[in-house]
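One structure is given here, and the rest of the page talks about it.
The values are calculated or read from the model by the stated rules, or taken from the named source; none is laboratory data. The structure displayed is predicted, hence computed values, not measured ones. No Cβ is skipped: glycine too gets one built from the backbone with ideal geometry, and neighbour counts run over all protein chains shown. Accessible surface is based on the protein model in full, side chains and every heavy atom, while ligands, DNA and RNA are left aside. Shrake-Rupley method; radii C 1.70, N 1.55, O 1.52, S 1.80 Å.
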Amino acid sequence: MNKEGLNPSSSFEQKRKNMADDLCFITKDGLIIKQPKKSPLMLRMFVLFFAMVCGVYICSVCMRQVRARSNGRVLSVKVVERPCEAPVIQPSEKSYVHFPKPNTFARAECECNPVRYFAILSTQRSGSGWFETMLNSHINISSNGEIFSNKVRRSNASTIVESLDKIYNLDWLTSASKNECTAAVGLKWMLNQGLMQHHVEVVEYFKSKGVSAIFLFRRNLLRRMISILANSYDQNAKPLNGTHKSHVHSPQEAEILARYKPAINTTLLIPNLRQVEEMVTKSLEYFKSTRHIILYYEDIIKNRTKLLDVQDFLRVPRMDLNSRQVKIHKGSLSSQIQNWDDVEKTLKGTQYESFLYEDYKMS
């Protein structure tokens, strides 16, 4: 008799156990068959390819940075250098506001302070030197003098423009320069120093660059003539210790120069007065399309509030302006002209008769 037959329950348990083991074995084999091992060679090829792509990308980025540095296009410069913003002004005023970048110095904390351009247009011995020293007493105004007295600078339109560009870029350094905090910069320009000859080019420059013109003339052209003749005498005689001075800074010097009394050629007197008058009229006509203001020496002498009008015109803060210059010729014309009777006779009954008696006092 079979032992299994003797214990049916134990035989059954043994068979069930053997079936479970067979199933697990099949399952494990089946799992092994469904999950094949990955090839190490394929994995290595993938890693190598990825590394090559990354390397090419990094090299290309580095090359672009090197080229940028070699061309001077540094990103940090673009971020730091911001354009200056114009103050809140009327649209018509925007073309007259500038932010110069001088080549000879840095404007430092005033870099974004707006600057306006101007030119004092005048004739010799019309008070322009005195007027310019008044402007230069303002902390924010720089007027660089009579730069076109130099014939080379006014020889043609190109040299004129070149000089003007240098002035308005704040690179024309003189004792009048307020370098960093300049709010208005300009020069003094006589009508006979290339201004009338090249007026077309100058007007075009003024309008394109936003330059304002300050006309300064003398009403009494006879007094101007006396000043010209006296200054011409001083150039040759040099009564002030052998030196020539167009302007003086002491009453004693003024008194010495005022001792000279010129004799006026009465034959040429009226033609000369008419010539100056016509030149002044032409200049006003030539520059009427520019932004400008018209001043007269006598008006400023009588009424110093005219200087406030000039400061308002230049859009600078109002200040008390002063000058160290001392007036040379004072008093009536009869005491200043050697042949007064002839001059009086020549001008009586003409449009210039009023010049004989017009007088004014220093305020």
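Worth a mention:
- When Lys302 is tested against the conditions (1) under 21 Å from Pro251 (Cα atoms); (2) open to solvent by less than 60 Å² (accessible area, probe 1.4 Å); (3) not polar (S, T, N, Q), the lone failure is (2).
- Ile264 being open to solvent by less than 40 Å² (accessible area, probe 1.4 Å), within 28 Å of the chain's Cα centre (by Cα) and β-branched (Val, Ile, Thr): no
- Ser175 satisfies every condition listed in (1) polar (S, T, N, Q); (2) modelled with pLDDT under 95; (3) in a helix (DSSP H, G or I) except (3).
Matching residues to (1) of a type in the set (Ser, Thr, Tyr); (2) touching a helix residue (DSSP H, G or I) at 6+ places or on another chain (Cβ under 7 Å); (3) open to solvent by 40 Å² or more (accessible area, probe 1.4 Å):
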| site | (1), (2), (3) |
| --- | --- |
| Asp309 | no, no, yes |
| Lys327 | no, yes, no |
| Ile337 | no, yes, no |
| Tyr357 | yes, no, yes |
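- Some residue of segment 161-174 being closer than 19 Å to Ile294 by Cα and open to solvent by 20 Å² or more (accessible area, probe 1.4 Å): no
- Considering only residues in segment 122-153 that are free of Cβ contacts under 8 Å to residues at least 60 places away in the same chain, farther than 26 Å from Asn220 by Cα and buried (at least 20 other Cβ atoms within 10 Å of the Cβ), the one that is farthest from the chain's Cα centre (by Cα) turns out to be Asn144.
- When segment 198-242 is filtered for residues that are open to solvent by 60 Å² or more (accessible area, probe 1.4 Å), without any contact (Cβ under 8 Å) to a residue 12 or more places away in the chain and not in a helix (DSSP H, G or I), the ones remaining, listed by number, are Lys238, Asn241.
- Here Gly194 does not qualify as outside any helix (DSSP H, G or I), small (Gly, Ala, Ser), out of contact with any Pro (no Cβ under 9 Å at 6 or more places or on another chain) and in contact (Cβ under 8 Å) with a residue 12 or more places away in the chain.
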